[in-house]
1. Could you grab the pairs with beta carbons closer than 9 Å, sequence gap of 6+ or different chains, first residue in segment 42-57 and under 14 Å from ARG143 (Cβ atoms), second one in a loop (DSSP other than H, G, I, E, B) and of a type in the set (A, V, I, L, M, F, W, C)?
2. In segment 7-35, which residue that is surrounded by 10 or more Cβ atoms within 10 Å (Cβ to Cβ) and either β-branched (Val, Ile, Thr) or modelled with pLDDT under 85 (or both) is nearest to MET135 (Cα to Cα)?
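The values are calculated or read from the model by the stated rules, or taken from the named source; none is laboratory data. None of these values were measured; they are calculated from a predicted model. Heads up, the Cβs are rebuilt from the backbone with ideal geometry, glycines too, and the neighbour counts pull from every protein chain shown.
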Amino acid sequence: MNVRQYLLIPLAIFVFSILILGFVYPLMLNGIGLIAKNNAEGSLIIINGTIIGSYLIAGKINNSAFFWANYNNSFVSGYDPYITVNQALSQVNRISNSTGISKQFLINIIYENSEQIEEQDLFIFSPGQRVVNVMELNAILIRKYPNIYDKYLKLNSK
């Protein structure tokens, strides 16, 4: 093998890598993002043209009119939007007292939007436990009762 062949093989590998990693891979990821648009954009909650959050991440909410994620557990970061149905039910009185929304309506939306956990989730949720997404519950409340929640979110301030 001469010097030219020793240089040609690494150069070919370099050009091939640039083509794959610089063009094919980014185009493939962009295509997947176009197919799964909602997930690629962060599953945003948009109400009246205003982004109020994401279904995937729960931010810390200090307002008693909203469902809260699980902040007091040392196992979780506070950004996981899922809490158990029992944790959601324990917040019904606070939300009802703060907003005047009926307790029965709050209980109904908790059960209607709960889902069954089928596998272990880092010792937080056990298999078979029912959980609910607090961001989903809050979005339902905001859409159903805009007159109550507009003052908290300033949705009509445009």
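1. Pairs found: ILE47/LEU155; ASN48/LEU155; GLY49/LEU155; THR50/LEU155; ILE52/LEU155.
2. Checking each candidate, the answer is GLY33.
This table checks each residue for (1) under 21 Å from PRO146 (Cα atoms); (2) at pLDDT below 75; (3) aliphatic (A, V, I, L, M).
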{"residue": "ASN38", "(1), (2), (3)": "no, yes, no"}
{"residue": "ILE46", "(1), (2), (3)": "yes, no, yes"}
{"residue": "TYR55", "(1), (2), (3)": "yes, no, no"}
{"residue": "PHE66", "(1), (2), (3)": "yes, no, no"}
{"residue": "GLY78", "(1), (2), (3)": "no, yes, no"}
{"residue": "ILE83", "(1), (2), (3)": "no, no, yes"}
{"residue": "LEU89", "(1), (2), (3)": "no, no, yes"}
{"residue": "ARG94", "(1), (2), (3)": "yes, no, no"}
{"residue": "SER114", "(1), (2), (3)": "no, no, no"}
